[in-house]
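Here, each number is a calculation from the coordinates, and none is a lab measurement. Predicted model only: the values in this text are computed from it and were never measured. Heads up, the Cβs are rebuilt from the backbone with ideal geometry, glycines too, and the neighbour counts pull from every protein chain shown.
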Ligand SMILES: Cc1cc2nc3c(=O)[nH]c(=O)nc-3n(C[C@H](O)[C@H](O)[C@H](O)COP(=O)(O)OP(=O)(O)OC[C@H]3O[C@@H](n4cnc5c(N)ncnc54)[C@H](O)[C@@H]3O)c2cc1C
């Protein structure tokens with residue numbers, strides 16, 4: 001009997017894990033992918049969608065053909081329940097799926113109640129529908145310009161997206177001839193500019209400060225948001241920032257079905273894992289990507305999260321796939337790398353400029369870390385988007 005691997009989620013983590021485990025075992029395994037969305041979404045390009053530089057067709061593809069060609073079954077459904085003892089997953093279309101090994105790769109949802117008024121009075125870009133609504137709001141803004149506030153709220157981790165949107169906004173304002181008349185403010189929970197939720201990198205604070213100054217952007221650092229009214233953000237220190245347009249990156253939570261899954265998930269819905277990406281509690285259940293819980297090695301005056309970006313997500317998925325393959329072969333799951341020890345590789349886009357972020361480890365202490373600013377970073381981001389979508393759509397997850 002071939003072993004059954006069920007993968008929940010079909011984005012960076014789920015696609016990589018499913019394709020990699022099949023590859024590791026030369027096809028001698030039954031792999032099923034179950035996902036709430038039948039599309040892959042290249043989330044990093046959501047920063048461009050509100051400005052009309054991308055639409056959903058540019059940054060998504062249907063996952064079923066990719067998986068089918070690799071002998072993987074795709075089920076378009078959401079997991080609603082996980083029973084780790086009976087080793088089965090229930091889905092919203094009433095199926096019960098049994099597994100020998102399970103990969104949880106169901107990513108994030110927005111914490112919509114992070115502050116009163118976030119859902120009603122602010123835009124965000126962290127999901128495709130939200131970015132599409134933000135595109136409508138941006139077009140309305142261009143007809144009636146005014147001040148802008150871009151924020152990463154308390155508990156947020158996806159700071160790269162906040163900075164990218166901020167600098168792309170500045171770039172768009174310049175293109176529209178509005179940069180002199182619009183006051184652009186960045187509000188962040190980071191303890192200093194360029195912390196990024198990863199503790200910062202050498203000269204990062206200075207570099208980000210220079211970028212902000214060059215664009216005439218005001219910053220409010222190490223501060224939370226108290227609430228958001230229609231047309232004004234009120235910060236935790238009482239300051240009120242009026243706006244005509246705003247974009248807020250909220251904290252992320254894990255999916256709801258995990259909160260009730262036999263103590264697998266923490267209070268945020270993220271799953272505690274070992275360095276093998278097996279869950280703390282079960283040898284046959286893995287969690288990878290944003291779904292995996294990560295402990296930050298610091299406390300900040302205003303809480304910040306840790307960004308679980310694409311590169312560590314893929315790394316986690318490959319480690320999980322190699323370990324599942326080992327277990328199926330009757331070996332020990334010996335591949336391991338703690339999240340904090342995975343390399344940091346990221347490109348921060350700034351419209352026609354950007355910063356390449358490289359470090360030997362996601363989290364300190366590090367030996368090396370460097371930020372390389374310049375227009376080549378923007379070109380790299382453009383090229384990487386095309387390359388990554390091509391690689392994933394063709395199932396070439398063994399490529400870098
Ligand atoms: C705006 C933005 C910009 C970003 N920019 C960058 C960047 O420049 N560089 C970078 O490295 N990273 C970036 N990231 C982070 C990157 O997007 C994440 O690392 C990546 O999305 C994590 O992939 P994942 O598969 O773990 O989770 P997700 O992308 O959240 O995917 C989760 C999957 O699970 C499915 N799912 C959800 N619930 C269920 C359920 N109950 N049952 C079954 N399936 C379910 C979803 O449909 C989806 O397929 C950015 C993120 C955002 C939001």
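Across the chain, C-alpha contacts under 8 Å between residues 6 or more apart give a mean separation that, scaled by the residue count, equals a relative contact order of 19 percent. For the chain, the longest principal axis of the C-alpha atoms and the axis of helix 128-143 are separated by about 10°.
Rg of the Cα atoms in the chain, relative to 2.2 N^0.38 Å, amounts to 0.98. Considering the chain as a Gaussian network with a 10 Å cut-off on Cα pairs, which listed residue, 323, 11, 352, attains the greatest mean-square fluctuation? Top of the fluctuation ranking is 352. Axis angle, to the nearest 10 degrees, between helix 12-24 and the longest C-alpha principal axis of the chain: 30 degrees. Here the residues 171, 394, ranked from fewest to most Cβ neighbours within 10 Å of their Cβ, fall in the order 394, 171. Computed from the alpha carbon positions, the gyration tensor of the stretch 118-251 leads to an equivalent ellipsoid with semi-axes of 21, 17, 14 Å, biggest first. The spacing between the stretch 253-270 and the stretch 172-237, judged by their C-alpha centroids, is 32 Å.
Once the gyration tensor of the Cα atoms in the stretch 63-124 is diagonalised, the equivalent ellipsoid follows with semi-axes of 31, 18, 10 Å, ordered largest first.
Think of it as helices only: each DSSP H run of n ≥ 4 in the chain is worth -39500 (n - 2.57), and spread over all residues that comes to -9000 deg cm²/dmol at 222 nm. Note that the stretch 267-400 carries a Kirkwood radius of 16.6 Å, evaluated over its alpha carbons pair by pair. One Cα centroid belongs to the stretch 329-400, the other to the stretch 112-160; the line between them spans 26 Å.
Normalised by residue number, the volume inside the convex hull of the Cα atoms of the stretch 69-170 is 192 Å³ per residue.
Ordered by the count of other Cβ atoms within 10 Å of each Cβ, fewest first, 164, 295 give 295, 164.
Our summary gives the stretch 118-251 a relative contact order of 37 percent, counting only alpha carbon pairs under 8 angstrom and 6 or more residues apart.
Shown for 298, 48: other C-beta atoms within 10 Å of each C-beta, ranked fewest to most, produce the order 298, 48.
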